[in-house]
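Below: the structure, in structure tokens.
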Amino acid sequence: MSRGPRSAAAATAVLALALTAALGGCGAIPRSGPVHRHAEPTPATAQPTYDADPAGPAEDASPEQVVQGFLAAGTGVGDDYSVAREYLTPELAGTWHPDARTIVLRGDPALVPRLEDHEYRLNLEVDSVVNGTGVIERKPAGATEVLDFGLTQVDGQWRIAEAPDATVLTPADFEKIFEPHDLYFTDQDLSDEVVDPRWFPERVPVSTSIVRALLDGPAPYLRGAVTTSFPVGTTLARSAVPVQDGTATVELSVPDFDPANIEINRRMHDQLALSLGNLTSVQDVELRVDGAPVELGAGWTDPAPEQEIAVPSRQIGLREGELVFYQGGQADPVDGLPSLDGYRPASPAMDTAADDFAFVDTGTGALVTLARDEDLVVRYSGTGLTRPSFDEHGWVWTGDSAGTVRAVRARSRGADPVRVEAPWLAARTVTSLRISRGGARALVVTQQDGVSQLWLAGIVRDADGTPLRLNDPYRVAADVDADAAVWLSDQEFVAAPLDEPGSVRPRVYDVSGQYRELPGLAGITGISGGNGTSAVYAMAGGTLHMLTGNAWAPQGADVRDTAFAG
């Protein structure tokens, strides 16, 4: 059956109406303060505002209408997308995997017939894609995708016989249906927890999605940078993780399980308890392996909520060409440092102990390190070096305009710098590079062809902590207006454009990509962040400003270019 231009246009219009009634940017959801606990929905409490009960196929619906109805039924996540499966042939309904990919639209989709009868192609501009383990991939402007469908008749009714393993949602519906949930892993030396946010549809039970993703391991960008307590090959022994009377029961099949290894038992349990603990329905976790409760040993207690890694309240800055500490409107010289005569310091940095310092010499483009009662050392030069960033392992990092990342031990005065492998940066200019406070990931701002992107990349190190590479990254935000970004915690950061003449509004992001905007400030030339949004500072018009509620309060004009430790 062939379709003329008028029929194709009508199909496109109907599909656009069905899928884009609430188009717009992904919503900004504030994230700050204590750990957010997600309510696990139940039939009695769930009151969705999207179409949670879409219509099934109408009698004698045309092939186009069947495809349109199938796409619209992607909002019906309940009962494993049972309504959407009604649009499929019995064979495909039994094998279709809707959770494999969730595609979030940008702009209007277009459904067009193909040359073969009863075959259709859906052309999409894509905002983001969520894979089967809840990892979201945010796409830059202009990213497109095509989905092909083939139909046949079943008992005289058109049904879809060929369809991709995917659902398609508008940004508005995605925001209402999906919610980020934090999975917990640890860094390689087991000293700090690392949050790995995933996006799952809010349906009963989301606890199953969380545990399945946890067992699958960290997101690709964190592999090798974090570790998990679950041995390779660990699987759910049951099809679901039920939650009853506040207790989530997790039954696992663990290869070569040793019930007497109390340390591993506790680590597995605690990783589950932290990852499921953000559900308001979960107060306790019972871990079972091969049908038997796992022994946790005497003296064991539930894991405490993760503790944020804090930095000291004082900043390092510059005054009349010398390094000074700044705090609470007061500035004092750093005792014991050598003179900076002959240098043009910019972008100062320090470690958390305030023993080691670094800056970029704008006269030579060199990274310079210094410490109390020691001579300063020129470490290496580059074009457009970013502000140095100290990590908890004693390394100081920079990136440059050629996409090169280097690190050098601050206390090894004669050590050569290490070039950190990051091939994905080769064609990009690095404008900001900050190592997370736990040291597991790098926050990178890049520019390419006038467009900025915000990235997180896991840091892979050798046994003694030497950085080896930045993993292929996770794009936190695409096509943003930002030149610099600084951490406010191990899960949150603030990003801002610099040197723009008008008022700009910095954004506070969490590592899931959600953001909220801060008040506007004209002429920002630098930004620094301490512990949360109560410690955000910006340089503008030659004056340091502090974020105070919904305003920026001037702090004084004698200190510039400040930065918190890290």
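Any read-out appearing in this document is the output of simple, stated calculations on the displayed coordinates, not a laboratory observation. Since we're looking at a predicted model, the values are computed, not measured. Cβ: placed from backbone, ideal geometry, glycine included. Neighbour counts: every protein chain shown.
Structure values in brief
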{"quantity": "Scattering profile of the chain at q = 0.12 Å⁻¹ [log10 I(q)/I(0), Debye over alpha-carbon scatterers]", "calculated": "-1.18"}
{"quantity": "Ordering of 442-453, 252-263, 133-144, 71-82 by packing [mean C-beta count within 10 Å, highest first]", "calculated": "71-82, 442-453, 133-144, 252-263"}
{"quantity": "Neighbour-count ranking [beta-carbon atoms within 10 angstrom, fewest first] of 147, 367", "calculated": "147, 367"}
{"quantity": "Estimated [θ] at 222 nm from DSSP helical runs (n ≥ 4, -39500 (n - 2.57)) normalised by residues in the chain, nearest 500", "calculated": "-3500 deg cm²/dmol"}
{"quantity": "Built amide H within the under 5 Å cut-off of residue 281, gap 5+", "calculated": "40"}
{"quantity": "Packing-based exposure ordering (other Cβ within 10 Å, fewest first) of 546, 268, 350", "calculated": "546, 268, 350"}
{"quantity": "Residue-by-residue Karplus 3J(HN,Hα) for segment 148-154, coefficients 6.51, -1.76, 1.60, Hz, glycine and proline x", "calculated": "10, 10, x, 10, 9, 9, 10"}
{"quantity": "Prolate/oblate/rounded label for segment 315-563 (Cα gyration tensor, a/c 1.5)", "calculated": "oblate"}
{"quantity": "Computed lengthening from residue 154 to residue 558, 0.36 nm per intervening residue step minus Cα-Cα distance", "calculated": "137.6 nm"}
{"quantity": "Fraction of antiparallel bridges per DSSP, the chain only, in percent to nearest 5", "calculated": "90 percent"}
{"quantity": "Residue 235 versus residue 481: modelled label distance in nm, points set 7 Å from Cα along the beta carbon direction", "calculated": "5.1 nm"}
{"quantity": "Order of 397, 158 under a 10 Å beta carbon neighbour criterion, fewest first", "calculated": "158, 397"}
{"quantity": "Per-residue HN-Hα couplings for segment 254-266 [Karplus 6.51, -1.76, 1.60; θ = phi - 60°; Hz; x = Gly/Pro]", "calculated": "10, x, 6, 5, 10, x, 8, 7, 4, 4, 5, 4, 5"}
{"quantity": "Extension gain from residue 261 to residue 97, taking 0.36 nm per residue of separation minus the Cα-Cα distance", "calculated": "55.3 nm"}
{"quantity": "Directionally averaged projected area (convex hull, Cα atoms, segment 333-443), nm²", "calculated": "6.7 nm²"}
{"quantity": "Global form of segment 179-293, assessed from the alpha-carbon gyration tensor, a/c cut-off 1.5", "calculated": "oblate"}
{"quantity": "Value of relative contact order over the chain, rounded to a whole percent, pairs C-alpha under 8 Å and six or more apart", "calculated": "11 percent"}
{"quantity": "Label-to-label distance, nm, for residues given as residue 144 and residue 296 (7 Å Cα→Cβ offset)", "calculated": "5.4 nm"}
{"quantity": "Dipole in debye (nearest 20) - the chain, about Cα centre, beta carbon charges: Lys, Arg +1; Asp, Glu -1", "calculated": "1120 debye"}
{"quantity": "Coarse-grained scattering of segment 85-215 at q = 0.22 Å⁻¹, given as base-10 log I(q)/I(0) from a Debye sum over alpha-carbon atoms", "calculated": "-1.30"}
{"quantity": "Residue 393 paired with residue 372, simple spin-label distance in nm, labels 7 Å along Cα-to-beta-carbon", "calculated": "2.7 nm"}
{"quantity": "Dipole moment magnitude, nearest 20 debye, segment 372-528 about Cα centre, only Lys, Arg, Asp, Glu C-beta charged", "calculated": "220 debye"}
{"quantity": "Modelled label reach - residue 310, point 7 Å along Cα→Cβ, segment 322-365 residues with backbone N closer than 17 Å", "calculated": "327-328, 352-354"}
{"quantity": "Nonlocal amide H pairs with residue 380, under 5 Å, H built at 1.01 Å", "calculated": "367"}
{"quantity": "Dipole axis of segment 344-456 (+1 Lys, Arg; -1 Asp, Glu on Cβ), positive-most option in 378, 455, 395", "calculated": "455"}
